[in-house]
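Okay, so here's the structure we're looking at.
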There are 2 protein chains.
Amino acid sequence: MDDIDSAIVRELQRDARQTNRDLARTLGIAPSTCLERVRALRQRGVITGYRATVDLRALGRPVQALLSVRIRPMSREVIEGFKAYLIGLPEVLNVYVVAGGDDFLVHVAVPEVDGLHSLLMDRFSGRREVVDFRSSVIYQHVTKDVVGPLVAG
Amino acid sequence: MDDIDSAIVRELQRDARQTNRDLARTLGIAPSTCLERVRALRQRGVITGYRATVDLRALGRPVQALLSVRIRPMSREVIEGFKAYLIGLPEVLNVYVVAGGDDFLVHVAVPEVDGLHSLLMDRFSGRREVVDFRSSVIYQHVTKDVVGPLVAG
DNA sequence: GCACGCACCGAATTTCGTTCGGCGGCTGCG
DNA sequence: CGCAGCCGCCGAACGAAATTCGGTGCGTGC
C-alpha cells in the first residue's frame, strides 16, 4: 500500500470506469503495471467493487430521510431479523446498526413526503420489536471519497 | 425510463465495470443499443458516475461512527461553513444535513476508537458554532443498491 | 394508407485489456 | 564488497471490447 496504490484507489473512487490506460498515464506508470496493481488491490480486498451512482431525483425519489429506530429485545436474532427486513424494503438505501441512544439508523428515499409517513406507519409502527422511532428529513447529503489511509498502511 | 433502463441501472450498480457486451447479453439487446442506452442515462443525469468501493478495514480505518451535531445559529452561512469544514476532514465519509433534533449527522471512519475521541475533542468541541454533539459507534453498515423507481418514471 | 421518425441492430474500425518475456534495481548473503 | 536471487516494472503482441455508422423495421400521426 504505497503512494501509487493510494493514488489508484483515489482515482478509481473518482471514476471507476476510466480506462486502464488513462489511469496508468495519470500515475505515470505502464498500463500493464497499473493493471497488475489494480488486480492486487482487488485480491487483497482493498477495492471491493465498482458501483454506478444514481440521482435519486431522476429516479423519482427526491425525498430522503434518516429514521432512528429503537428495538427490543436487543438479541442477535431480533437485530439480524430486523436488519434483513430493512434491507428488503425498496425505500431503504443504507442501514446503520449503531450503539448509543438508537439501535438502527435507516437511510431511506421516497417519492414524496407523504411516502415517508406511509412508510413509518405501514412498515415500522406495526412491528413488535420496534419500540420507538423518529424521522429526520435530509436536506443535503454529501458523500466523500475515501482519500486514503489515515495511517500509513 | 422503461424496464430496460431500470435493469441497466440495477446492473451497473451491482457491477459498474462489467463489459458493455456482458450487460447487453444480460438484457437481451445488442451491444450498440446497450451503449446508447447507457449514454442516454448518463446524459439525462440518472447515472451520475462510477465509483470504486473500498474496504475501510483494509485501509486501516476499521472504526466507524455517526456523529450527531447541533449547531447555532442555524444561518445559511454557518451551515454551509460547517459543512465545508466537515468535508475537508479526512475522517469524514458522509455528511447529512437534517431536520429534527439534530442538525448534522456525520459518518466518520478512524483507525481506532481513540481516534474518535481525539476527533471529537480536537475538531468539534473547539468550534463555536457547535453547541452539542454525540457519537454512536457503528457496529454494522449495509449499503443497498437502488433497485429502481418506486413510481414508474 | 402513407410518410415520417425513432430505436434497434450488425458489421467495421479503433481502442483497450491482458498476457508474457525480458530487464533493472534492491536485498540478503557469502 | 561482490554476487545471486527475487520482485516489480516495462513494452510489444494478441485477443477482445468499445464505438461508430448505415440500414431496417415498427409505431405514430396525418
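The values are calculated or read from the model by the stated rules, or taken from the named source; none is laboratory data. All figures in this text were calculated on a predicted structure; none of them were measured in a lab. Ideal geometry is used to build each Cβ from the backbone, glycine not excepted, and the neighbour counts take in all protein chains shown. To get the accessible areas, we keep the full protein, side chains included, count just its heavy atoms, and leave off ligands, DNA and RNA. Shrake-Rupley method; radii C 1.70, N 1.55, O 1.52, S 1.80 Å.
Determine ³J(HN,Hα), in whole Hz, for all residues of the stretch A:23-37 in sequence, where each value follows from phi through the Karplus function 6.51 cos²θ - 1.76 cosθ + 1.60 and θ = phi - 60°; x replaces Gly and Pro.
Running phi through 6.51 cos²θ - 1.76 cosθ + 1.60 with θ = phi - 60° gives 4, 4, 5, 4, 7, x, 10, 6, x, 5, 5, 4, 4, 4, 4 Hz.
What total accessible area, in Å², is buried where chains B and A meet, using a 1.4 Å probe and rounding to the nearest 100?
Between B and A, the summed buried area is about 5900 Å².
Please compute the contact order of chain B in relative form: average sequence separation of alpha-carbon pairs under 8 Å and at least six residues apart, divided by the residue count, as a percent.
Averaging sequence separation for qualifying contacts and normalising by length gives 29 percent for chain B.
Ordered shortest first, which distances in nm separate the 7 Å Cα→C-beta label point of A:Gly88 from those of the other copies?
The answer, with the shortest distance listed first, is 4.7 nm.
Quick one: length gained pulling B:Ala40 to B:Met121 fully straight, 0.36 nm per residue minus the C-alpha distance?
Extra length available between B:Ala40 and B:Met121 comes to 24.4 nm.
Per residue of A:42-49, how many C-beta atoms from partner chains lie within 10 Å of its own C-beta, taken as a mean?
So the per-residue partner count for this stretch is 4.
What FRET efficiency comes out for the pair B:Ser75/B:Asp132, r = Cβ-Cβ distance, R0 = 22 Å, nearest 0.05?
0.80
Whole angstrom only: what separates the Cα centroid of the stretch A:1-32 from the Cα centroid of the stretch B:1-70?
Measuring centre to centre over Cα atoms gives 19 Å.
For the stretch A:76-125, what's the relative contact order in percent, using C-alpha pairs closer than 8 Å and at least 6 residues apart? Show your work: numbers first, answer last.
On the way: 32 pairs, mean separation 11.8, N = 50.
Dividing the mean separation by the residue count of the stretch A:76-125 yields 24 percent.
What translational diffusion coefficient, to the nearest whole µm²/s, does the stretch A:63-137 have by Stokes-Einstein, given a Kirkwood radius computed over alpha-carbon pairs, a temperature of 20 °C and 1.002 mPa s viscosity? Working shown, then result.
Values: Rh = 12.2 Å.
Stokes-Einstein gives a translational diffusion coefficient of 175 µm²/s.
Can you list, bin by bin at 10 Å, the percent of alpha carbon pairs in chain A, starting at 0?
Taking all Cα pairs of chain A, the binned fractions are 9, 30, 23, 23, 13, 3 percent.
Once the label point is set 7 Å along the Cα-to-beta-carbon vector, what list of distances in nm do you get between B:Gly28 and its counterparts in the other copies?
Label-point separations across copies, in nm and ascending: 5.2.
Binning at 5 angstrom from zero up to the longest distance, how are the C-alpha pair distances of the stretch B:3-43 distributed in percent?
So the P(r) values, bin by bin, are 6, 27, 42, 24, 2.
Pairs of alpha-carbon atoms within less than 8 angstrom and 6+ residues apart define the contacts here; what relative contact order does the stretch A:35-109 have, in percent?
33
Restricting everything to alpha-carbon atoms, can you work out Rg to Rh for the protein assembly as shown with a Kirkwood hydrodynamic radius? Could the numbers behind the result be given before it?
Working: Rg = 20.3 Å, Rh = 20.9 Å.
Taking Rh as the inverse mean 1/r over Cα pairs, Rg/Rh reads 0.97.
Once label points are set 7 Å from the Cα along Cα→Cβ at both A:Ala84 and B:Asp114, what is their separation, rounded to one decimal in nm?
Rounded to a tenth, the inter-label distance reads 4.0 nm.
Averaged over its residues, how many other protein chain Cβ atoms are within 10 Å of peptide A:56-68's Cβ atoms?
5
Every other copy gets compared here: list the nm distances from the B:Arg44 label point (7 Å along Cα to Cβ) to its counterparts, shortest first, one decimal.
Taking the point 7 Å beyond Cα along Cα→Cβ, the inter-copy spacings are 4.1 nm.
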